[in-house]
Amino acid sequence: MSLFNDRADAGKKLAKKLSEYANRSDVIILALPRGGVPVAFEVAKELNVKMDVFIVRKLGVPGNEELAMGAIASDNTRVLNEDVIRSFQIPQSVIDEVAVNELRELERRERLYRGNRPKPDISGSTVILIDDGLATGATMRAAAAAVKTKNPAKIVIAVPTAASDTCSAFENEVDKTICVATPEPFYGVGAWYEDFSQTTDKEVCELLNKAAKIKPK
């Protein structure tokens, strides 16, 4: 049984759990594209707070790309999974090669989504990281680690749905974790959406342009 009609509906439900952050100029929502953007937009609109994107690319193990040996985020911030690297004995040269390829795609998305808008200064801000859900949490983990390097006041992770153990694991990594629903068994993020069709680059750009007009009081 679906918990959410679509990502917009999930965003409205998530916003109710984040009401303490409404109308605050020191709060910024960073959405993980693409699926996190329509969720985050509804939250930003409901709370009347700033919103932008934070792009993260997984560094997959060559030949087993679904397995993350790390991730790369905006500004070339790199987060590595040392256990995976040791286990597969992955040399630094291979990590660098994969990172270069993923950085190219990351930069393409930055140009496409951001256009002429400058990257937000998040130093001293309360940052709310939003995606449409968490399964393993690898991408969100990389995003949180990268955001930490930019000296925010607080980091909050907020998602409509997540695997229970993944949601719990983040409690020791950030200041606050909000998961609207942690169904068991989890199956996967898409299982809890009536409509989980892929978010397009065009939709991301349109929502970011709308979000740019939100002016916190």
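Quick notes on this structure:
- Any hit, segment 122-145, residues being among the polar types (S, T, N, Q) and within 30 Å of Val84 (Cβ to Cβ): yes
Condition check ((1) surrounded by fewer than 23 Cβ atoms within 10 Å (Cβ to Cβ); (2) in contact (Cβ under 8 Å) with a residue 12 or more places away in the chain; (3) not aromatic (Phe, Trp, Tyr)) across all residues:
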position	(1), (2), (3)
Leu14	no, yes, yes
Arg24	yes, yes, yes
Ile29	no, yes, yes
Leu32	no, yes, yes
Ala40	no, yes, yes
Phe54	no, yes, no
Gly70	no, yes, yes
Val79	yes, yes, yes
Gln89	yes, no, yes
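- Breaking point among (1) free of Cβ contacts under 8 Å to residues at least 60 places away in the same chain; (2) touching a helix residue (DSSP H, G or I) at 6+ places or on another chain (Cβ under 9 Å); (3) surrounded by 19 or more Cβ atoms within 10 Å (Cβ to Cβ); (4) outside the structural domain of Val204 (by TED's automatic domain parsing), for Val98: (2)
- Residues of segment 122-136 classified as under 22 Å from Ala191 (Cα atoms) and not hydrophobic (A, V, I, L, M, F, W, C), total: 4
- Looking only at segment 101-121, and only at residues there that are in contact (Cβ under 8 Å) with a residue 60 or more places away in the chain and assigned to a helix (DSSP H, G or I), the one that is farthest from Ala144 (Cα to Cα): Leu112
- Residue pairs whose Cβ atoms lie under 8 Å apart, separated by 6 or more positions or on different chains, with the first residue in segment 170-198 and on the phi > 0 side of the Ramachandran plot and the second surrounded by fewer than 18 Cβ atoms within 10 Å (Cβ to Cβ) and of a type in the set (A, V, I, L, M, F, W, C), are Gly188/Ala135.
- Enumeration of residues in segment 187-201 that are among the hydrophobic types (A, V, I, L, M, F, W, C) and assigned to a loop (DSSP other than H, G, I, E, B): Phe196
- If the condition is being at pLDDT 95 or above and not hydrophobic (A, V, I, L, M, F, W, C), then segment 114-148 contributes Ser123, Gly124, Ser125, Thr126, Asp131, Asp132, Gly133.
The values are calculated or read from the model by the stated rules, or taken from the named source; none is laboratory data. The model shown is predicted, which means the values in this text are computed figures rather than measured ones. Note that each Cβ is placed from the backbone with ideal geometry, even for glycine, and that neighbours are counted across all protein chains shown.
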